[in-house]
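Here the structure is laid out as structure tokens; the discussion comes afterwards.
The values are calculated or read from the model by the stated rules, or taken from the named source; none is laboratory data. This is a predicted model, so every value here is computed, not measured. Note that we place each Cβ from the backbone using ideal geometry, even for glycine, and neighbour counts take in every protein chain shown. These accessible areas exclude ligands, DNA and RNA; they are computed on the full protein's heavy atoms, side chains included. Shrake-Rupley method; radii C 1.70, N 1.55, O 1.52, S 1.80 Å.
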Amino acid sequence: MDSLQRFIFDHAQIRGEIAHLEKVYREIMSQHPYPPMVRYLLGEALISCLLLSGSIKFEGELSLQFQGDKRLPLLIVQCDHELHLRAFAKYAPDLEIKDYAEAFLQGQMVLTINQYKQTQVYQSVVPIYATSMSENLTHYFSQSEQISTQVWLAVNDDRAAGMLIQLMPGQESQQREQFWEYAVQLGQTVSEQELLELDN
């Protein structure tokens with residue numbers, strides 16, 4: 001089942017989202033014979049884009065676009081404010097997992113937000129530290145947006161799932177930081193299998 005559910009922690013300035021993709025994920029992945037590593041990278045980008053679109057209020061389109069060398073020249077995911085998703089990857093066939101991973105680590109990723117009622121387009125580079133999009137997004141929010149954010153993602157052959165939590169702006173206090181640390185610790189107890197298979 002495809003879903004995006006927002007939640008908040010009572011008595012703490014922490015918001016979050018849990019996303020699941022099954023039908024859309026299968027449709028997108030069935031359009032091309034993606035190798036396992038490309039499928040993994042595209043799947044993580046897909047669920048990441050959905051989580052990011054759900055975390056901001058806008059009318060328009062959000063996209064994550066990766067560009068690399070001839071092994072993995074393009075990977076793009078788009079999601080609009082009504083949560084319509086599309087995704088596509090260009091890749092050289094018959095390469096090893098390490099070749100696609102290397103190409104990804106050496107490439108560049110850009111986050112673009114195009115609001116329909118505004119002429120200005122927001123663009124930001126998402127630094128690539130790992131083949132894990134959760135690590136890349138967590139770094140991106142802490143460095144570029146300076147918002148404490150933690151992201152967990154899971155992908156298999158049939159579905160993708162993700163969870164995001166953010167510390168909302170507010171007056172700094174010891175209690176606020178303790179709540180955040182506790183929320184992160186809670187999130188880290190959720191395994192990839194649980195994220196994929198358990199209900200919210």
Report summary line: Computed over all unlike Cα pairs, the Kirkwood hydrodynamic radius of region 68-118 in Å stands at 12.7
Requested in this report: Could you give me the radius of gyration and the Dmax of region 82-200, taking only the C-alpha atoms into account and expressing both in angstrom?
Outcome: 17.2, 53
Report summary line: Taking only the alpha-carbon positions of the chain as identical scatterers, the Debye log10 I(q)/I(0) at q = 0.08 Å⁻¹ comes out as -0.26
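Hand me the tally of lysine pairs in the chain: alpha carbons under 25 angstrom apart, and the pair either on different chains or 8 or more positions apart.
Details: Lys23/Lys57; Lys23/Lys90; Lys57/Lys117; Lys70/Lys90; Lys70/Lys98; Lys90/Lys98.
Here the count comes out as 6.
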Query raised in the report: Roughly how many Å² is the accessible area per residue of the chain, as a whole number, for a 1.4 Å probe?
Result: 55
Query - Positive-end extreme of charge dipole, region 97-200 - chosen from Gln193, Ile128, Gly162 (charges on Cβ) - result: Ile128
Report task. Could you please state how large a percent of the accessible area of the chain is carbon and sulfur, counting protein chains only and using a 1.4 Å probe? Result -> 48
Query - Difference of contour (0.36 nm per residue) and Cα-Cα distance, Glu145 to Leu198 - result: 16.0 nm
Report summary line: The local net charge around Lys90, scoring Lys/Arg +1 and Asp/Glu -1 for residues other than Lys90 whose Cβ lies under 15 Å from its Cβ, equals +1
Report task. Can you figure out the FRET efficiency of Ile97 with Met1, using R₀ = 22 Å and their beta-carbon distance, to the nearest 0.05? Result -> 0.15
**Report entry** Farthest toward positive dipole pole in the chain [+1 Lys/Arg, -1 Asp/Glu at C-beta], among Gln174, Ile14, Leu85
**Finding:** Leu85
Requested in this report: Mind giving me the nanometre distance, one decimal, between the label points for Glu22 and Glu172, set 7 Å out from Cα along Cα→Cβ?
Outcome: 4.4
**Report entry** Rounded to 10°, Cα long-axis angle of helix 174-188 versus longest principal axis of the chain
**Finding:** 40
Query - region 1-108: C-alpha gyration tensor shape, a/c 1.5 cut-off, then a/b vs b/c - result: prolate
Report summary line: Non-local residues with an amide H under 5 Å from the amide H of Ile147, with H modelled 1.01 Å from N and Pro and chain starts lacking one, are Ser142
**Report entry** Rounded to the nearest 20 debye, dipole of region 111-200 from Cβ charges on Lys, Arg, Asp, Glu
**Finding:** 460
Report summary line: Ordering Leu74, Leu50 by the accessible surface of their heavy atoms, 1.4 Å probe, largest first, yields Leu74, Leu50
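Using only DSSP helix segments of four residues or longer, with each worth -39500 (n - 2.57), what per-residue ellipticity at 222 nm results for the chain after dividing by its residue count and rounding to 500? Walk me through the numbers on the way to the answer.
Numbers: 6 runs with 65 residues, N = 200.
Per the formula, -10000 deg cm²/dmol.
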Report summary line: Under the Karplus relation with 6.51, -1.76 and 1.60 and θ = phi - 60°, whole-Hz ³J(HN,Hα) for region 91-99, x at Gly and Pro, equal 8, 7, x, 6, 9, 6, 3, 5, 5
